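This report concerns only the one structure given below.
Throughout, read-outs are computed from the coordinates displayed, never taken from laboratory work. Just so we're clear, the structure is a prediction, and the values are computed from it rather than from any experiment. FYI the Cβ positions are ideal-geometry reconstructions off the backbone, even for glycines, and counts take in every protein chain you see.
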Amino acid sequence: MEPDRASTVEWRWLDLGSVDGPTMVNVFVSLAGPVGRRESLPTVVVLHPAAPFANVGYHQEADREIDLEYCRGAGIPVVRRVVGGGAILDGPWEQDYMVIVPNGTAGTEAGVGPFYDRFLGPVQRTLARLGVRAERSGVNDLAVAGRKVSANGALSLDGSWVLVGDILRELDVAAMTRVLRVPDEKFRGKLAKGMDEWLTSLTALLGSAPSRTAITRALREEYEREFGVSLVPGSLTEAEVGTLTRLRAERSSDAWTFLKESSHPGFRSPDLPPPGRSVKIAHDTYLGRSDRKAGKLVRVTLRSRGGAVEEIEISGDFFTQPFAGHLDELEASLVGCRLERGPLEGAIARWAADRKVALLGISGSDLVGAILDAGPPAAGNPAPP
């Protein structure tokens, strides 16, 4: 039942239908400022990809996560979003939603954990109405018997809190694994098997997928019920369209897509050692890499000299709050730091305090461990055979 529109607060409901990748990853960014300044109403957006696109997490290196050659040949665009998390292939098999509300809205007062608690409730109840009883999985996802059916991300941006998520109507595991960069086809087969085991869809659970209309109607009603509001159909304002047009142009460029790679051109060589190895390249200079899986994955590429950091690149599928996380500043501040746990922990703690950055999915200790793993044998890395 819809709330009494004469007695409730109005929010905006935007049904954008099918959109391309650059629109998908930038539309909520174009809305965050106006909503945060209260020039636009709090907004719930429903939309879905018109065609598949590879979607890279903000802190990831696109060339390490995505098979770029395959994507170019197949005509699959590669885009970078401003939300953390891992690289995925988005496509027409999903139904997406975004919720953008100004700071101070109920559920935004106590940080990201309580935000998920409040704003994922309507999604969970939507699934229940469709016949799927999903439970929270980790901080930000919804799963059935351990298999994810809804993935979500959150961030605070321009005076707003934003939830971005999807419900998987169907699955195309072959397509989803093909775009990812993997060591070999045997590994890809294992990845596909694993993806089958940790993902599910409405089609798999119900025999067929409910229509988009049924999903979005339930979602709209559940958000109205949760927040005691009336979601009124609307459209993007002229200013929002202008911002979205600018962001689409800027963030379709290689400079944005390969943001991480361009900051460390010396680490793009195909001769880099594999993760878990550190090789001597001069008298007291080593080049090493590590992949450390904590709650999320953190990747480190490190060149050290005399037992100290000379250059470092940090990437991964973790999240930061704020979304940018100032990782470039952390990398710069670590130059010259001794490859020892105490100095590294101190440098990371000072950066987090000075820049007011929270790491989500990994801890400062996880990051220190990844740096030491990438270092020479004296820094805790086993000597290469």
The rounded separation in angstrom of the Cα centers of region 96-175 and region 224-289 is 22
Computed helical MRE - 222 nm, the chain, DSSP H runs ≥ 4 contributing -39500 (n - 2.57), nearest 500:
-10500 deg cm²/dmol
Taking H as built 1.01 Å from N, whose amide H comes closer than 5 Å to the amide H of A50, not counting residues under 5 places away?
V19, D20
Ordered by residue, what ³J(HN,Hα) values in Hz, to whole numbers, does region 108-119 give under the Karplus form 6.51 cos²θ - 1.76 cosθ + 1.60, where θ = phi - 60° and Gly and Pro are x?
9, 7, 10, x, 5, x, x, 4, 4, 3, 7, 8
If you build a Gaussian network model of the chain, linking Cα atoms that sit under 10 Å apart, which residue out of D271, D291, D67 swings the most?
D271
Cut-off under 17 Å on the C-alpha distance; same-chain residues fewer than 8 positions from K260 excluded. Which aspartates and glutamates are left, in chain and number order?
E61, D63, E65, D67, E250, D291, E311, E313, D317, D328, E329, E331
Which label belongs to the value computed from this structure, given these candidates for Cα extents along the principal axes in Å: (1) 62, 44, 38; (2) 61, 48, 39; (3) 76, 45, 38?
(3)
If amide hydrogens are placed 1.01 Å from N in the peptide plane, which non-local residues have theirs closer than 5 Å to the one on G84?
Y58, T320
Evaluate Rg over Rh across region 264-379, taking Cα atoms for both radii and Kirkwood's formula for Rh.
0.94
Through the Karplus equation 6.51 cos²θ - 1.76 cosθ + 1.60, θ set to phi - 60°, convert the phi angles of region 124-132 into ³J(HN,Hα) values in whole Hz; use x for Gly and Pro.
4, 6, 4, 4, 4, 5, 7, x, 10
C-alpha long axis of helix 364-374 to longest principal axis of the chain, angle in °:
40
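Against the empirical 2.2 N^0.38 Å scaling, what ratio does the C-alpha Rg of region 209-259 come to?
In units of the globular-protein estimate, region 209-259 measures up at 1.73.
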Sorted by chain and number, the residues with a modelled amide H under 5 Å from that of E61, at a separation of 5 or more or across chains, are G316
Between helix 212-227 and the chain, what is the angle of the helix's C-alpha long axis to the longest principal axis, kept within 0 to 90° and rounded to the nearest 10?
90
Computed over the chain: longest principal axis from alpha-carbon atoms vs helix 238-250 long axis, angle to nearest 10 degrees, is 30
Between region 315-370 and region 19-85, what's the alpha-carbon centroid distance in Å?
25
In region 115-163, trypsin sites (Lys or Arg not before Pro) in a DSSP loop with at most 13 other beta-carbon atoms within 10 Å:
R133
Mean Cα-pair separation over length for the chain, i.e. relative contact order, pairs under 8 Å, 6 or more apart, %
18
